[in-house]
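S.K.: Would you mind keeping the following structure in view while I ask a few things?
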Amino acid sequence: MFPTIDTSTVTLEIERLILRCWREDDLADFNAYASVEGVGEAAGWPHHRSIEDSKRVLERFLAEKNDFAIVERATGRVIGSFGFHKSWADDNEAYKNKCIVEIGYVLARDKWGQGLMPEAVRRVLEYLFLTLGADIVTVGHFADNHRSRRVIEKTGFKRVGEKSVYYKLLGINRTVVRYILTKEEYLCQNT
């Protein structure tokens, strides 16, 4: 059961980042990282080929209110996105009647390898488990995306399997490695 998450009413802050709702004036920053080849492809969507591509997606972010803009505190620049989605685990009988959220994230290529995303994931987990009352958070990565795998491992998730998934926007099947973190596991790791 997916909880109601409205990113327009929440701002999460950590030392180097601010996670906040998207704004129309984020378009140039969004296009700057989303148009870099390989960034979107690592997350399941083709890189943006025009400012119009970015504008269409930004309009969806603004309407759906389930994605944060990741803002670098030092520059005020939007350097990524962090989204909340319905999880594959919702269809698993073992997790029936649980509040489950799937997370996904993208970071500008020039910010990879600086430890920013683990910080963002930890802050989001705190919000999901302690403020929203989520029971389970899931996440996944493409089998060949070792950077995302490291983020997931660093933030306490447990691997539960793999699945071949068709990505319509890319027109290909990709193997997705799936992970899960329960509230109980999160509390044990963070007390």
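The values are calculated or read from the model by the stated rules, or taken from the named source; none is laboratory data. No experiment lies behind these values; they were computed from the predicted model shown. So basically every Cβ, Gly included, is an ideal-geometry build from the backbone, and we count neighbours across all protein chains shown. Calculation scope for accessible area: heavy atoms of the full protein, side chains included, ligands and nucleic acids excluded. Shrake-Rupley method; radii C 1.70, N 1.55, O 1.52, S 1.80 Å.
S.K.: Working only within region 1-42, note down all residues that are more than 30 Å from residue 91 (Cβ to Cβ), of a type in the set (Asp, Glu) and surrounded by 12 or more Cβ atoms within 10 Å (Cβ to Cβ).
M.R.: Matches in region 1-42: 13, 26, 29.
S.K.: In addition: Considering 79, 100, 70, 51, which residue is modelled with pLDDT of 95 or more and touching a Gly at 6+ places or on another chain (Cβ under 6 Å)?
M.R.: Selected residue: 70, the only one of 79, 100, 70, 51 that is modelled with pLDDT of 95 or more and touching a Gly at 6+ places or on another chain (Cβ under 6 Å).
S.K.: Go through (1) at pLDDT 95 or above; (2) over 25 Å from residue 101 (Cα atoms); (3) of a type in the set (Lys, Arg) one by one and return the number of the condition residue 20 breaks.
M.R.: Answer for residue 20: the failing condition is (2).
S.K.: I'd like the residue in region 155-191 that is of a type in the set (Ser, Thr, Tyr) and in a strand (DSSP E or B) and, out of all such residues, is most open to solvent (accessible area, probe 1.4 Å).
M.R.: 166
S.K.: Would you confirm, using the coordinates I've provided, whether residue 113 is open to solvent by 30 Å² or more (accessible area, probe 1.4 Å), touching a helix residue (DSSP H, G or I) at 6+ places or on another chain (Cβ under 9 Å) and not in a strand (DSSP E or B)?
M.R.: Yes: the conditions hold for residue 113.
S.K.: Moving on to the next point. Restricting to region 78-106, name every residue that is touching a Phe, Trp or Tyr at 6+ places or on another chain (Cβ under 9 Å) and either in a loop (DSSP other than H, G, I, E, B) or open to solvent by 20 Å² or more (accessible area, probe 1.4 Å) (or both).
M.R.: 85, 86, 87, 90, 99, 102, 104, 105
S.K.: Would you please list the contacts, defined by Cβ atoms under 8 Å and residues six or more apart or on different chains, that run from a residue in region 11-22 that is assigned to a loop (DSSP other than H, G, I, E, B) to a residue that is of a type outside the set (Lys, Arg) and open to solvent by 80 Å² or more (accessible area, probe 1.4 Å)?
M.R.: Matching pairs, first to second residue: 16/74.
S.K.: A further question follows. Of everything in region 54-71, what is open to solvent by 40 Å² or more (accessible area, probe 1.4 Å), among the charged types (D, E, K, R) and not in a loop (DSSP other than H, G, I, E, B)? Give them in sequence order.
M.R.: Correct list: 55, 56, 59, 60, 64.
S.K.: Also: Here are some conditions: (1) assigned to a loop (DSSP other than H, G, I, E, B); (2) crowded, with 19+ Cβ neighbours inside 10 Å; (3) not polar (S, T, N, Q). Residue 125 meets all but one. Which one does it not meet?
M.R.: Condition not satisfied by residue 125: (1).
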